[in-house]
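Let me begin by presenting the structure, written as structure tokens, before commenting on it.
The values are calculated or read from the model by the stated rules, or taken from the named source; none is laboratory data. None of these values were measured; they are calculated from a predicted model. Every residue, glycine as well, gets a Cβ built from its backbone with ideal geometry; the counts of neighbours run over all protein chains shown. The area values use the complete protein model at the heavy-atom level, side chains included, leaving out ligands, DNA and RNA. Shrake-Rupley method; radii C 1.70, N 1.55, O 1.52, S 1.80 Å.
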Amino acid sequence: MDRKKILFIVPSLKAGGAERITAFLAKHINPTLFEAKLIVIGYKKDAVYEIQNTDITFLNKERHFKAIPVLLQMIQKEKPAVVFSSSGHINSTLGLFSFFFSNIKFVVRETNIVSVVNEFPQEKNRFFFFLMQQLYPYLDAIVCQSHDMKIDLIEKLRIHPSKIVVINNPIISEIQAATTKKESDTLRFITVGRMSWIKGHLRILKVLSQLKYDFQYTIIGTGLVKESQIIQDEVMRLNLSEKVHFIPFTPNILSEIQQHDLFLQGSYAEGFPNALLESCSVGTPVIAFEAPGGTKEIIQNGINGYLVKNEEELLSLLTNLELIRKIKREKVINSVIKKFDKETILNQYETLFLSLQK
């Protein structure tokens with residue numbers, strides 16, 4: 001059987017879930033079945049993910065719009081069986097490309113609960129939503145990270161269910177051996193996520209400011225300057241400066257998470273929370289707000305953490321930690337290690353790509 005050529009397109013290899021998953025697929029997809037090529041619109045100097053032994057081309061463009069002519073030329077030259085993207089504007093662009101290449105299958109991975117994101121003024125982009133409405137129906141397949149995302153696309157963009165497949169994100173990082181956690185009477189909380197309104201940092205800070213015991217809280221992530229400053233200003237306003245620590249980026253996220261007692265997630269919506277999944281993979285339990293998306297497909301109450309409906313429930317759990325203390329590290333790890341195994345998820349993508357060629 002001839003190998004099927006797949007072009008994986010990504011805006012950059014900067015830190016981000018979409019970038020990470022696309023690079024992972026390009027690097028690890030079965031080489032006996034597929035010939036993978038990774039096209040990066042941005043620059044090699046920005047890469048934070050391992051790209052050794054990957055057929056990769058950097059277009060050295062600041063924006064995807066400027067790369068459209070080059071992408072068209074590359075697709076025409078390479079004549080792939082499948083073109084894959086996992087980033088908003090590129091996804092819509094592939095819908096447009098489908099008009100020009102009838103023999104090529106265009107597949108995208110959606111990263112957001114579109115209708116919920118559009119409710120946030122800071123995230124809203126009417127023109128982008130319009131492009132999705134017009135162009136997504138022409139794609140050959142859309143990968144959703146959660147069942148909520150699938151329902152959202154069917155209802156809001158009128159995508160036919162036959163074009164949608166749900167594939168969760170994998171645990172990509174190797175499960176680390178248990179490290180000796182620093183002993184301390186001070187509880188250590190951590191959140192990993194970009195500094196954005198939709199990630200809910202502010203409501204976590206509000207709850208933490210009401211705790212009567214000593215704690216330390218680490219936030220790992222970057223974001224727009226304005227939103228980052230709002231979050232930092234709120235830390236000052238709530239007199240939490242000595243308790244809250246910011247880390248813009250670290251390649252050792254798993255080690256950081258492993259040294260904390262509890263992962264907190266305040267998101268109002270999540271496509272599929274990679275950092276939360278990784279927290280479970282190293283045995284650190286999670287308290288997360290109920291939200292549209294994949295969070296509830298990971299969290300099992302009392303097994304690897306708890307879902308809360310509101311700030312009052314979060315405060316109650318953090319004030320009375322007996323339920324959290326009953327959770328065992330081994331159970332947290334076992335709750336995710338098989339279901340989200342990277343080989344299992346990779347096989348689901350390979351099955352999808354092969355099915356498009358029938």
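Checking the conditions here, which among F97, F106 is open to solvent by less than 50 Å² (accessible area, probe 1.4 Å), over 22 Å from the mean Cα position of the chain (by Cα) and either of a type outside the set (D, E, K, R) or closer than 19 Å to I41 by Cβ (or both)?
On the way: F106 fails: over 22 Å from the mean Cα position of the chain (by Cα).
From the options F97, F106, the qualifying one is F97.
Touching a residue at least 24 places away in the same chain (Cβ under 8 Å), aliphatic (A, V, I, L, M) and more than 22 Å from I345 (Cβ to Cβ) - does that describe any residue in segment 16-28?
no
With the condition kept exactly as written, say whether any residue in segment 320-339 is under 19 Å from A36 (Cα atoms) and touching a residue at least 60 places away in the same chain (Cβ under 8 Å).
Step one: of segment 320-339, the residues under 19 Å from A36 (Cα atoms) are none.
Within segment 320-339 (the criterion being under 19 Å from A36 (Cα atoms) and touching a residue at least 60 places away in the same chain (Cβ under 8 Å)), the answer is no, since none of the residues qualifies.
Any residue in segment 192-221 that's at positive phi and at pLDDT below 95: show its pairings with residues that are open to solvent by 50 Å² or more (accessible area, probe 1.4 Å) and not in a helix (DSSP H, G or I) at Cβ separation under 9 Å, as long as the two are six or more apart or on different chains.
So the pair list comes out as G221/A15; G221/R194; G221/F246; G221/P248; G221/F249.
What tally of residues in segment 199-230 results from selecting those that are assigned to a helix (DSSP H, G or I), within 14 Å of L187 (Cβ to Cβ) and out of contact with any Leu (no Cβ under 6 Å at 6 or more places or on another chain)?
Counting residues in segment 199-230 that are assigned to a helix (DSSP H, G or I), within 14 Å of L187 (Cβ to Cβ) and out of contact with any Leu (no Cβ under 6 Å at 6 or more places or on another chain) gives 1.
Scan segment 49-68 and give yes if some residue there is in contact (Cβ under 8 Å) with a residue 60 or more places away in the chain and either touching a Cys at 6+ places or on another chain (Cβ under 6 Å) or not charged (D, E, K, R) (or both), otherwise no. Walk me through how you get there before you give the answer.
Step one: of segment 49-68, the residues in contact (Cβ under 8 Å) with a residue 60 or more places away in the chain are none.
Checking segment 49-68: not a single residue is in contact (Cβ under 8 Å) with a residue 60 or more places away in the chain and either touching a Cys at 6+ places or on another chain (Cβ under 6 Å) or not charged (D, E, K, R) (or both).
Would you confirm, using the coordinates I've provided, whether D185 is modelled with pLDDT under 95 and outside any strand (DSSP E or B)? Let's see the steps before the verdict.
Values: modelled with pLDDT under 95: yes; outside any strand (DSSP E or B): yes.
Considered against the rule, which asks whether it is modelled with pLDDT under 95 and outside any strand (DSSP E or B), D185 comes out as yes.
Do the conditions hold for L254, that is, is it part of a helix (DSSP H, G or I) and touching a residue at least 60 places away in the same chain (Cβ under 8 Å)?
Numbers: part of a helix (DSSP H, G or I): yes; touching a residue at least 60 places away in the same chain (Cβ under 8 Å): yes.
Yes.
Against the condition closer than 30 Å to K5 by Cβ, buried (at least 16 other Cβ atoms within 10 Å of the Cβ), among the small types (G, A, S) and under 17 Å from the mean Cα position of the chain (by Cα), how does G293 come out, does it pass? Can you show your working first?
Numbers: closer than 30 Å to K5 by Cβ: no; buried (at least 16 other Cβ atoms within 10 Å of the Cβ): yes; among the small types (G, A, S): yes; under 17 Å from the mean Cα position of the chain (by Cα): yes.
When the stated conditions are applied, G293 does not pass them.
Among (1) among the hydroxyl-bearing types (S, T, Y); (2) surrounded by 15 or more Cβ atoms within 10 Å (Cβ to Cβ); (3) more than 25 Å from the chain's Cα centre (by Cα), where does Y217 come up short?
Y217 satisfies all of (1) among the hydroxyl-bearing types (S, T, Y); (2) surrounded by 15 or more Cβ atoms within 10 Å (Cβ to Cβ); (3) more than 25 Å from the chain's Cα centre (by Cα) except (3).
Using the structure shown, decide if F246 is of a type in the set (F, W, Y) and either part of a helix (DSSP H, G or I) or under 23 Å from N168 (Cβ atoms) (or both).
Values: of a type in the set (F, W, Y): yes; either part of a helix (DSSP H, G or I) or under 23 Å from N168 (Cβ atoms) (or both): no.
Answer is no for this residue.
Within segment 232-253, can you find the residues that are over 21 Å from the mean Cα position of the chain (by Cα), open to solvent by less than 90 Å² (accessible area, probe 1.4 Å) and among the aliphatic types (A, V, I, L, M)?
We begin by selecting, within segment 232-253, every residue over 21 Å from the mean Cα position of the chain (by Cα); these are 232-245.
Checking which are open to solvent by less than 90 Å² (accessible area, probe 1.4 Å) leaves us with 232-235, 238, 240-241, 243-245.
Hits for segment 232-253 are V235, L238, L240, V244.
From A269, A275, which residue is within 15 Å of I204 (Cβ to Cβ), among the aliphatic types (A, V, I, L, M) and within 16 Å of the chain's Cα centre (by Cα)? If you could, list the steps in order and put the result at the bottom.
On the way: A269 fails: within 15 Å of I204 (Cβ to Cβ).
Going through A269, A275 in turn, just one is within 15 Å of I204 (Cβ to Cβ), among the aliphatic types (A, V, I, L, M) and within 16 Å of the chain's Cα centre (by Cα): A275.
In the list K14, K5, K66, K79, which residue meets the criterion of being basic (K, R) and either within 25 Å of G221 (Cβ to Cβ) or surrounded by 19 or more Cβ atoms within 10 Å (Cβ to Cβ) (or both)? Before you say what the answer is, go through the steps one by one.
Numbers: K5 fails: either within 25 Å of G221 (Cβ to Cβ) or surrounded by 19 or more Cβ atoms within 10 Å (Cβ to Cβ) (or both); K66 fails: either within 25 Å of G221 (Cβ to Cβ) or surrounded by 19 or more Cβ atoms within 10 Å (Cβ to Cβ) (or both); K79 fails: either within 25 Å of G221 (Cβ to Cβ) or surrounded by 19 or more Cβ atoms within 10 Å (Cβ to Cβ) (or both).
Within the list K14, K5, K66, K79, the selection yields K14.
Being in contact (Cβ under 8 Å) with a residue 12 or more places away in the chain and touching a strand residue (DSSP E or B) at 6+ places or on another chain (Cβ under 7 Å): is that true of V244 here?
On the way: in contact (Cβ under 8 Å) with a residue 12 or more places away in the chain: yes; touching a strand residue (DSSP E or B) at 6+ places or on another chain (Cβ under 7 Å): yes.
The answer is yes for V244.
Kindly provide the set of residues from segment 300-358 that are farther than 30 Å from L202 by Cα, among the hydrophobic types (A, V, I, L, M, F, W, C) and open to solvent by 50 Å² or more (accessible area, probe 1.4 Å), ordered by number.
I337, L354
If L346 satisfies all but one of (1) closer than 23 Å to P170 by Cβ; (2) touching an Asp or Glu at 6+ places or on another chain (Cβ under 6 Å), what's the number of the condition it fails?
(2)
Failed condition for K61, given (1) closer than 26 Å to Q145 by Cβ; (2) buried (at least 18 other Cβ atoms within 10 Å of the Cβ), with all others met?
Going through the list (1) closer than 26 Å to Q145 by Cβ; (2) buried (at least 18 other Cβ atoms within 10 Å of the Cβ), K61 breaks only (1).
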